[in-house]
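Just below is one structure, and these are the notes that go with it.
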Amino acid sequence: MAGVLVVVGTPIGNLEDMSPRAVRALSEADVIAAEDTRSAQHLLGHFGIARPKVISFFEGNEARRGDDLLERLAAGERVVVISEAGMPGVSDPGQRLVAAAAEAGVRVEVIPGPSATLAALVASGLPAARFTFLGFPPREEGPRREHFAQLAGERGTLIFFEAPPRVGATLADLAATLGGERRACLSRELTKLHEEHVRGTLAELAARFADTPPRGECTLVVAGASDEEVAARAAAVVDVEAEIVRQLGEGASAKEIAARLALATGRPKRQLYQLALALSGKR
């Protein structure tokens, strides 16, 4: 009989958030595939779980180790996957293994746990009926601004993870591309002793964290586009080819034009660059 793959959500800070069902799943595992084995051993020790074998399962070895775990599942073992914190498969290893197990006909169980995404969304006070989780934004300013520009017309609430040293720059880019008056909330250290939620406009948050990065793990929640913003964006649709020709006539390079129009239109910069090159050859 084939085994069972169990995906377990673990606490993101406060160990009291670990559910009895999750504890039982760990204690019944034949093997635990953990993103961080030290964190896993700490978790097991806290709950007095000594029996399971723990193996490393992180981004660097996910493909190779996934094959080993599939073999264990085929042999009838009960494999539990945990990340360092939170739900495996969401900005953490696990998605490829779940897909492979499902393809192989292996039973997959998911045991929900604490979620930084949902905790920050609810605490923000922003609309939660429709939202998009976008993980970590690009690290470099150019790709990051282009990414945000493509989201300018999204009506749903936007949720990002971000590293503390980049929070100020990311907030500044969000304000520049989405508008400084958009409501937002920075949540840090969720479920921990120093949990904090800082609410305000993107402009206000960008100014607050420009020179002083927040401490701890951070989640950014940003309001979606309003009806008025969507309507204004539609009314200001740029005739891209005409604008490229105009800027070429003013002496701008294809690279400069692509960068400007990527922010203005949300279209991929590479696509705009190729179009500008093509149009420049026709002049």
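Taken together, the values in this text are just the output of simple stated rules run on the coordinates, not laboratory data. For clarity, every value in this text was computed on a predicted model and none was experimentally measured. Cβ coordinates were reconstructed from backbone atoms using ideal geometry, including for glycine residues, and neighbour counts include every protein chain displayed.
Sum up the charges of everything whose Cβ sits under 15 Å from the Cβ of residue 59, counting Lys and Arg as +1 and Asp and Glu as -1, but leave residue 59 out.
Summing Lys/Arg as +1 and Asp/Glu as -1 gives -2.
To check my understanding: the extent here is largest minus smallest coordinate of the Cα atoms along each principal axis. What are those three numbers for region 131-216, in Å, largest first?
On the principal axes, region 131-216 reaches 36, 27, 22 Å in Cα extent.
Top mean-square fluctuation among 35, 229, 241, Gaussian network model of the chain, C-alpha springs under 10 Å?
Fluctuation is largest for 241.
For region 73-115 and region 216-233, what is the separation of their C-alpha centers, rounded to whole Å?
32 Å
Shape of the chain from its Cα gyration tensor (a ≥ b ≥ c, root eigenvalues): rounded if a/c is under 1.5, otherwise prolate when a/b > b/c, or oblate?
Cα axes put the chain in the prolate bin.
For region 1-73, what does the relative contact order come out to in percent, with C-alpha contacts under 8 Å and a separation of six or more?
With pairs under 8 Å counted, the relative contact order is 32 percent.
Using Cβ counts within 10 Å as a stand-in for footprinting exposure, how do 136, 148 rank, fewest first?
By the 10 Å Cβ count, ascending: 136, 148.
Percent of Cα-Cα pairs more than 12 Å apart in region 237-280, please.
So the pairs more than 12 Å apart make up 49 percent of the total in region 237-280.
With +1 on the Cβ of every Lys and Arg and -1 on the Cβ of every Asp and Glu, and nothing else charged, how large is the dipole of the chain about its Cα centre, in debye rounded to the nearest 20?
320 debye
Dipole size in debye (nearest 20) for region 5-94 around its Cα centre, Lys and Arg Cβ +1, Asp and Glu Cβ -1?
So the magnitude is around 320 debye.
Beyond 24 Å, how much of the Cα-Cα pair distribution for region 143-283 remains, as a whole percent?
41 percent
Taking the Cβ of each residue in 211, 30 as the centre, tally the other Cβ atoms inside 10 Å and list the residues starting with the fewest.
211, 30
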